[in-house]
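For reference, the structure discussed in these notes is given below.
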Amino acid sequence: MSHARIMTADDMGRAIRRMAHEVIERNHGLSELVVIGLQTGGVPVAERLVETLEEIDGIRPPLGTLDVALHRDDIGIRPVVPEAATELPTDLDSRIVVLVDDVLFTGRTIRAALDAICDFGRPRSIQLAVMVDRGHRELPIRPDFVGKNLPTRRDEVVDVHITGVDLGVMEK
Amino acid sequence: MTATLQSPPASGLGRHLLGIDGMSRSDLEEILDLTDTFAEIGRRPIPKVPALRGRTVATAFFENSTRTRMSFETAARRLSADTVAFSAGSSSLSKGESLRDTVEVVASYGADLLVVRHAMAGTAHRVADWTDLSVVNAGDGCHEHPTQALLDCYTLREQRGSLDGMRIAIVGDVRHSRVARSNILAFTALGAEVVLVAPATLLPPAIDGWPVTVFHELDPLLTDLDAVYLLRMQQERITEGLIPSLREYANDFGLSADRVARMRSDALVLHPGPTNRGVEISAEAAADPRSVILDQVVNGVSVRMAVLFRLLGSGQQLVAADIEPVGDDARPEGADR
């Protein structure tokens with residue numbers, strides 16, 4: 001598999017900083033915010049977003065993690081193994097939830113996450129932040145905060161690491 | 001191990017859960033690890049996930065049980081599976097229908113998995129041969145009760161982190177206990193040392209070769225145990241002439257207030273339930289902070305969710321077909337890591 005570096009670590013840092021400003025602007029501050037990272041790729045991005053929000057606004061919003069494996073719609077079609085923790089820090093009723101994932105692709109993970117969150121309470125609103133939106137949506141779902149829009153082919157692979165974002169091409 | 005422990009044939013972790021016999025340490029640990037996920041769901045405000053929506057779990061209990069059946073049904077519902085219940089008392093079994101016919105009828109309701117309890121050892125294995133359904137053994141005679149052993153292991157692991165090096169006494173009617181058999185296999189597979197404590201009449205006839213040591217007195221061991229597992233003493237053992245009286249049994253082997261006081265401060269008390277207060281366990285011992293009997297009940301649901309999901313929902317059969325496990329949306333279907 002060949003790789004092309006799409007974003008460097010510095011590019012990602014700048015994108016997170018911009019998204020943090022957008023989150024604060026859109027929600028008039030951070031007082032009601034809860035940030036939830038999707039297991040497993042969304043969690044490190046959510047951690048960095050929370051750190052950056054605190055740097056900018058002085059308030060550290062609660063951070064949670066969510067594993068949506070058991071809410072997926074492809075159970076029985078593909079092997080599904082829940083392996084990461086769901087830990088939500090606070091009652092979600094009337095809070096503003098910012099869901100964070102590394103890559104937005106078909107949107108099916110986000111659909112599963114919306115279902116899962118509704119079992120924990122009734123947030124005032126749910127917003128979506130992703131490091132990369134690679135297109136190819138199969139559901140009517142769109143992100144509110146995007147690090148980078150990256151047009152891709154379906155057979156390409158997007159990898160988000162701490163060191164940067166790579167686009168790989170499958171070799172047949 | 002002797003033939004009594006080894007037959008019927010090994011089950012392992014395939015389409016069925018028939019017994020602990022044949023399961024490796026990693027098979028057991030796979031289910032215990034998966035149980036953590038389901039325990040968390042039980043603590044949610046709405047303790048339910050759609051994982052097994054559209055699947056049907058049938059329970060066929062040819063022997064009375066309230067808690068095991070309720071535990072399986074609760075587990076199935078928390079996974080959004082439908083449940084169909086068959087119980088011997090109210091069924092055509094009393095009209096002379098054979099076990100095989102009954103199983104076929106239950107299967108024809110569209111069930112995907114059948115939970116079976118029967119007074120005859122080996123029933124679950126036979127049923128598994130007859131049908132295409134996944135079968136879970138919920139107790140077959142004096143043979144095995146694998147989900148009980150799994151929930152006991154989970155409870156011990158939850159308290160101690162690991163069973164490795166633990167010294168666990170199983171006390172009471174080992175002879176008639178499927179719980180004891182499954183637990184001896186599971187505890188030792190996970191690295192614990194098992195001690196049986198019982199009068200000679202309540203031990204199985206062929207115990208040579210079991211990975212256990214046997215004692216006929218509880219008192220000298222008390223200070224040296226990490227956990228005491230009390231088995232339920234049944235009234236009919238007196239009529240069979242195996243023990244003189246329940247009172248004498250309680251006197252020699254019951255976990256009295258005095259005995260529990262002599263146990264180590266970090267020792268644990270377990271019982272599969274339902275308890276006979278004043279016989280194998282005193283009210284004081286059951287209420288002692290070291291008693292994890294209620295944790296066992298709670299963990300029973302989580303472990304059974306893990307078993308049902310592992311057999312019906314995890315798609316392990318698809319792994320053999322080389323289909324990529326679902327991780328995140330970043331990867332196209334079927335792509336290599």
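The values are calculated or read from the model by the stated rules, or taken from the named source; none is laboratory data. Fair warning: this is a prediction, and the values are worked out from it, not measured in the lab. Backbone-built Cβ (ideal geometry, glycine too); neighbour counts: all protein chains shown.
The table for this structure:
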| item | result |
| --- | --- |
| Answer from B:PHE38, B:PHE72 - the residue that is outside any strand (DSSP E or B), within 14 Å of another protein chain (Cβ to nearest Cβ) and in contact (Cβ under 8 Å) with a residue 60 or more places away in the chain | B:PHE38 |
| Test result for A:ALA85, touching a Leu at 6+ places or on another chain (Cβ under 6 Å) and either modelled with pLDDT under 95 or outside any loop (DSSP other than H, G, I, E, B) (or both) | no |
| Residue in the range B:197-224 that is surrounded by the fewest Cβ atoms within 10 Å (Cβ to Cβ), counting only those that are of a type in the set (A, V, I, L, M) and farther than 16 Å from B:CYS142 by Cα | B:ALA200 |
| Check on A:VAL80, facing chain B (nearest Cβ under 7 Å) and over 26 Å from A:ARG18 (Cβ atoms) | yes |
| Hits in the range B:260-300 (condition: buried (at least 24 other Cβ atoms within 10 Å of the Cβ) and in a helix (DSSP H, G or I)) | B:ALA285, B:ASN299, B:GLY300 |
| Any chance B:ARG247 is modelled with pLDDT under 95, basic (Lys, Arg) and over 20 Å from the mean Cα position of the chain (by Cα) | yes |
| Top-ranked residue of the range A:85-141 - restricted to ones that are basic (Lys, Arg) and surrounded by 16 or more Cβ atoms within 10 Å (Cβ to Cβ), ranked as farthest from the other protein chains (Cβ to nearest Cβ) | A:ARG95 |
| Selection count where residues are surrounded by 14 or more Cβ atoms within 10 Å (Cβ to Cβ) and of a type outside the set (A, V, I, L, M, F, W, C), scope the range A:142-151 | 4 |
| B:LEU242 being within 15 Å of B:THR201 (Cα to Cα) and of a type in the set (A, V, I, L, M) | yes |
| The range A:151-168: number of residues that are in contact with a strand residue (DSSP E or B) (Cβ under 9 Å, 6 or more places away or on another chain) and within 11 Å of chain B (Cβ to nearest Cβ) | 12 |
| Odd one out for A:GLN39, checked against (1) touching a residue at least 40 places away in the same chain (Cβ under 8 Å); (2) away from every other protein chain (no Cβ under 14 Å) | (2) |
| Filter result (in a strand (DSSP E or B) and closer than 17 Å to A:GLN39 by Cβ) within the range A:101-125 | A:ASP101, A:ASP102, A:VAL103, A:LEU104 |
| Qualifying residue in the range B:183-198 (condition: outside any strand (DSSP E or B), at pLDDT 95 or above and polar (S, T, N, Q)) | yes |
| A:VAL158 out of contact with any Ser or Thr (no Cβ under 6 Å at 6 or more places or on another chain), outside any loop (DSSP other than H, G, I, E, B) and over 30 Å from B:MET305 (Cα atoms) | yes |
| Check on B:MET23, at pLDDT 90 or above, surrounded by 15 or more Cβ atoms within 10 Å (Cβ to Cβ) and aliphatic (A, V, I, L, M) | yes |
| Residue under evaluation B:SER162, criteria (1) outside any loop (DSSP other than H, G, I, E, B); (2) of a type in the set (S, T, N, Q); (3) over 30 Å from B:VAL57 (Cα atoms), criterion not met | (1) |
| Test: residue in the range A:50-58 that is modelled with pLDDT of 95 or more, over 29 Å from A:HIS136 (Cβ atoms), more than 14 Å from every other protein chain (Cβ to nearest Cβ) and touching a strand residue (DSSP E or B) at 6+ places or on another chain (Cβ under 8 Å) | yes |
| Filter pass, A:THR65 being surrounded by 19 or more Cβ atoms within 10 Å (Cβ to Cβ) and touching a strand residue (DSSP E or B) at 6+ places or on another chain (Cβ under 7 Å) | yes |
| Selected residue (criterion: farthest from B:MET166 (Cα to Cα)) from residues of the range B:213-239 that are within 20 Å of the chain's Cα centre (by Cα) and in a strand (DSSP E or B) | B:LEU230 |
| Some residue of the range A:58-81 being touching a residue at least 60 places away in the same chain (Cβ under 8 Å) and either closer than 22 Å to B:ALA51 by Cβ or part of a helix (DSSP H, G or I) (or both) | no |
| Checklist (1) farther than 25 Å from A:VAL80 by Cβ; (2) touching a Lys or Arg at 6+ places or on another chain (Cβ under 7 Å); (3) not in a loop (DSSP other than H, G, I, E, B) applied to A:VAL132, failing item | (1) |
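Residues are listed down the side, and each one gets a yes or a no for (1) under 24 Å from the mean Cα position of the chain (by Cα); (2) not in a helix (DSSP H, G or I):
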position	(1), (2)
B:GLY110	no, yes
B:ARG117	yes, yes
B:MET120	yes, yes
B:ARG126	yes, no
B:ASP129	yes, no
B:ASP132	yes, yes
